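*Asks:* Just passing along the structure, written as structure tokens.
The values are calculated or read from the model by the stated rules, or taken from the named source; none is laboratory data. All of these numbers come straight from a predicted model, not from anything done at the bench. So basically every Cβ, Gly included, is an ideal-geometry build from the backbone, and we count neighbours across all protein chains shown.
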Ligand SMILES: [Zn+2]
């Protein structure tokens with residue numbers, strides 16, 4: 001028999017429906033569990049999007065790239081503050097701990113702002129319930145990730161790694177399957193159309209110039225910039241394509257998933 005709201009939360013509808021409370025109290029909400037409804041995810045949806053999570057993972061893996069990297073004091077304190085210790089992380093690579101520390105920072109942030117989004121009488125206790133659930137789920141996830149990593153030949157290799165400038169240049173322009181080589185195929189297939197706009201000649205001279213260049217990042221940037229300029233001069237129809245080519249994300253290296 002229950003006579004106290006333990007603010008237990010589940011995201012399993014079946015478990016929620018089965019959790020009939022028999023306490024008989026006047027204020028009983030009749031079900032032991034609360035369903036993790038949409039408002040529980042309000043902060044997660046706005047501040048912990050796929051992009052945020054990917055950024056966290058990239059940051060964790062970037063730290064790993066520095067050979068002398070050990071878990072920062074801030075991350076170590078963060079993990080310890082919620083009881084995530086060596087028993088959970090036995091033989092865990094540093095990047096996973098670093099990632100978890102960042103997720104924990106988010107979970108703590110969510111705990112402080114979530115009550116504003118809740119409607120119950122005891123919002124603070126309810127937010128505590130969400131906080132506990134998040135940490136529990138994170139611990140379970142760490143365990144799952146580790147059991148996956150143990151099967152790999154080298155468990156310490158991070159899932160993402162930053163490309164060198166040379167690799168970026170290859171992927172963008174100089175490699176066989178680069179964006180640039182696809183663009184060249186596209187242009188070759190539309191020769192007649194491009195002849196009309198005068199673009200054909202300009203592009204071919206860029207292609208020729210490109211062949212003589214060494215596969216360096218500066219050369220890749222230059223090729224994309226001159227192509228964008230040529231497209232803009234030819235027609236306003238090409239503005240969107242030109243805008244894509246003019247984006248300069250090359251100082252940020254492209255990271256490739258290594259597990260795929
Ligand atoms: Zn009850």
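*Asks:* Consider residue 60 carefully, then state whether it is buried (at least 16 other Cβ atoms within 10 Å of the Cβ), away from the ligand (no atom under 16 Å from the Cβ), touching a residue at least 60 places away in the same chain (Cβ under 8 Å) and in the same structural domain as residue 131 (by TED's automatic domain parsing).
*Replies:* Yes, satisfied.
*Asks:* Return the only residue of 133, 160, 172, 152 being in contact with a strand residue (DSSP E or B) (Cβ under 6 Å, 6 or more places away or on another chain) and farther than 25 Å from residue 82 by Cα.
*Replies:* So the residue among 133, 160, 172, 152 that is in contact with a strand residue (DSSP E or B) (Cβ under 6 Å, 6 or more places away or on another chain) and farther than 25 Å from residue 82 by Cα is 160.
*Asks:* So for segment 105-114 (the condition being modelled with pLDDT of 95 or more and within 15 Å of the chain's Cα centre (by Cα)), does at least one residue qualify?
*Replies:* yes
*Asks:* Considering only segment 195-213, I want to know if a residue exists there that is crowded, with 16+ Cβ neighbours inside 10 Å, touching a residue at least 40 places away in the same chain (Cβ under 8 Å) and not assigned by TED's automatic domain parsing to the domain that holds residue 97.
*Replies:* No; the residues of segment 195-213 include none that is crowded, with 16+ Cβ neighbours inside 10 Å, touching a residue at least 40 places away in the same chain (Cβ under 8 Å) and not assigned by TED's automatic domain parsing to the domain that holds residue 97.
*Asks:* Which residues, taken from segment 91-130, are more than 22 Å from residue 63 (Cα to Cα) and surrounded by 18 or more Cβ atoms within 10 Å (Cβ to Cβ)?
*Replies:* Within segment 91-130, 110, 111, 114, 118, 126, 127, 129, 130 qualify.
*Asks:* Among the residues that make up segment 89-98, is at least one of them more than 16 Å from the ligand (Cβ to nearest atom), farther than 30 Å from residue 163 by Cβ and either at pLDDT 90 or above or not in a helix (DSSP H, G or I) (or both)?
*Replies:* yes
*Asks:* Quick one: residue 45 ticks every box in (1) in the same structural domain as residue 135 (by TED's automatic domain parsing); (2) assigned to a loop (DSSP other than H, G, I, E, B) except a single one, so which number is it?
*Replies:* (2)
*Asks:* Here is a follow-up. Tally time: how many residues in segment 16-26 are surrounded by fewer than 14 Cβ atoms within 10 Å (Cβ to Cβ) and more than 8 Å from the ligand (Cβ to nearest atom)?
*Replies:* Residues in segment 16-26 being surrounded by fewer than 14 Cβ atoms within 10 Å (Cβ to Cβ) and more than 8 Å from the ligand (Cβ to nearest atom): 4 in total.
*Asks:* Now, a different point. What are the residue pairs meeting all of these: first residue in segment 3-28, first residue in a helix (DSSP H, G or I), second residue away from the ligand (no atom under 14 Å from the Cβ), Cβ atoms under 7 Å, and 6 or more apart or on different chains?
*Replies:* Listed by first residue and then by second, the contacts come to 13/35; 16/10; 16/35.
*Asks:* What residue, of 40, 6, is more than 16 Å from the ligand (Cβ to nearest atom) and more than 19 Å from residue 149 (Cα to Cα)?
*Replies:* 40
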